[in-house]
Amino acid sequence: MDSDILFIYQAKMANPNGDPDEENRPRMDKWTGRNLVSDVRLKRYLRDLIIEEEGWERIWVTKVEDKHVRAEERLHKIPGITNESEPEEIISRVTSQCIDARLFGATIPIQSKGKGEGETRGKGRSISITGPVQFTWGFSLHKVQQMECTITSMFKGRPGGSDDEGEAGTMGKDYRVYYSMIAFYGRVSSQRAKYTGLTSKDLEKYIDGKLWEALKRMTNTRSKIGQSPLLYMRIQYEEPFSIGDLRSLIEVEELKESIRDMDDLKVSFDKLVKRLEEVKDKIVTVVLKVNKDFEERFGIAKILKDSAVGDKVKAEDMV
């Protein structure tokens, strides 16, 4: 189960991850000009897809019946948990019901018990479970240019404003990126999987399968539309091992000063494939998904299949 993960998707005229401290502008590395996306944003796409398909009960970090609640309230929505439940039982029930806790871990409030009958339980503490699946922050593989537009509303302005202001409606700013090819690196730990109960079937269903679908289906909002998955790769090893951040083995050349599409980039996976060949005896399988247009331009699936690890590549049809 120990694995390295590479996940690449694109954003066109979208805001992949707004920063509330910067008027919801796309998050940027001001020194490199690269677009940034938090791992929390990536996990949210997956959580939202699971909620849509299986219900909010399957997710720990979520609203309850479309309402924001405290962690203690969410805890008591887990079947079988009572005020007398022991910490081990609470952890077991949370991870067995909530797939995101099994995957990514969770911070679970544990109430302390009073010593005598009728005593009030104390404020308690929290137990943090580190999940077996972890992602770094994502970043664009190239410099990104932002766009800024003024938008207006046909509705009247805020109450108490002048007549002119009210008749003119309201105005605001809309911030997006023209184009961003965003890459995430992730790791899977078999040791941590034993603690949360994550199985190989869970990993295949939710990370190999639904993560890709989440980027296709859960980005259908005004600021997020325009995003789509390009490449998913999970390298599973025979024993605990890791190559490290796979993004460092991708070479990207910017063919134009202003990047507007993947055609404006040259992406090479030669160094990555060479590294896989060097450790091929440690590799069990390479799970691969590639967007059809991405494959036609950069040929990662063909390169892998023609390499020394070609017999270990498990590739789905191009999507």
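The values are calculated or read from the model by the stated rules, or taken from the named source; none is laboratory data. Keep in mind that this is a model prediction, so the values were computed, not measured. Cβ: placed from backbone, ideal geometry, glycine included. Neighbour counts: every protein chain shown.
Here are the numbers for the structure shown:
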| item | result |
| --- | --- |
| Single match in 224, 289 (criterion: touching an Asp or Glu at 6+ places or on another chain (Cβ under 8 Å), among the basic types (Lys, Arg), in contact (Cβ under 8 Å) with a residue 60 or more places away in the chain and crowded, with 17+ Cβ neighbours inside 10 Å) | 289 |
| Which numbered condition residue 202 fails, given (1) in a loop (DSSP other than H, G, I, E, B); (2) modelled with pLDDT of 95 or more; (3) crowded, with 16+ Cβ neighbours inside 10 Å | (1) |
| Test: residue in the range 232-244 that is among the acidic types (Asp, Glu) and in a strand (DSSP E or B) | no |
| Identity of the residue in the range 82-102, of a type outside the set (A, V, I, L, M) and in contact with a Ser or Thr (Cβ under 7 Å, 6 or more places away or on another chain), that ends up farthest from residue 42 (Cα to Cα) | 95 |
| Residues of the range 178-199 classified as over 21 Å from residue 41 (Cβ atoms) and surrounded by fewer than 21 Cβ atoms within 10 Å (Cβ to Cβ), total | 8 |
| Members of the range 131-148 found to be over 30 Å from residue 92 (Cα atoms) and not in a strand (DSSP E or B), listed by number | 144, 145 |
| Residue, farthest from residue 140 (Cα to Cα), within the range 156-199, restricted to residues that are at pLDDT 90 or above and in a loop (DSSP other than H, G, I, E, B) | 197 |
| Residue in the range 226-239 that is under 30 Å from residue 25 (Cα atoms) and out of contact with any Leu (no Cβ under 8 Å at 6 or more places or on another chain) present | yes |
| Close pairs from the range 139-155: first modelled with pLDDT under 80, partner exposed (fewer than 12 other Cβ atoms within 10 Å of the Cβ) and of a type in the set (A, V, I, L, M, F, W, C), Cβ under 9 Å, at least 6 apart | 150/171; 151/171; 152/171; 153/171 |
| Filtered residue count, the range 250-270, keeping only those that are of a type in the set (Lys, Arg) and either over 25 Å from residue 228 (Cβ atoms) or assigned to a loop (DSSP other than H, G, I, E, B) (or both) | 2 |
| Test: residue 234 is surrounded by fewer than 20 Cβ atoms within 10 Å (Cβ to Cβ) and basic (Lys, Arg) | no |
| Unmet criterion (only one of (1) in a loop (DSSP other than H, G, I, E, B); (2) free of Cβ contacts under 8 Å to residues at least 60 places away in the same chain; (3) touching an Asp or Glu at 6+ places or on another chain (Cβ under 9 Å)) for residue 297 | (1) |
| Residue ranges of helices (runs of 4 or more DSSP H) in the range 1-97 with at least 1 members modelled with pLDDT of 95 or more and out of contact with any Leu (no Cβ under 7 Å at 6 or more places or on another chain) | 39-54, 87-97 |
| Only listed residue being in contact (Cβ under 8 Å) with a residue 60 or more places away in the chain and out of contact with any His (no Cβ under 7 Å at 6 or more places or on another chain), chosen from 250, 283, 259 | 250 |
| The range 218-256, residues that are within 22 Å of the chain's Cα centre (by Cα), hydrophobic (A, V, I, L, M, F, W, C) and within 19 Å of residue 12 (Cα to Cα) | 218, 225, 230, 231 |
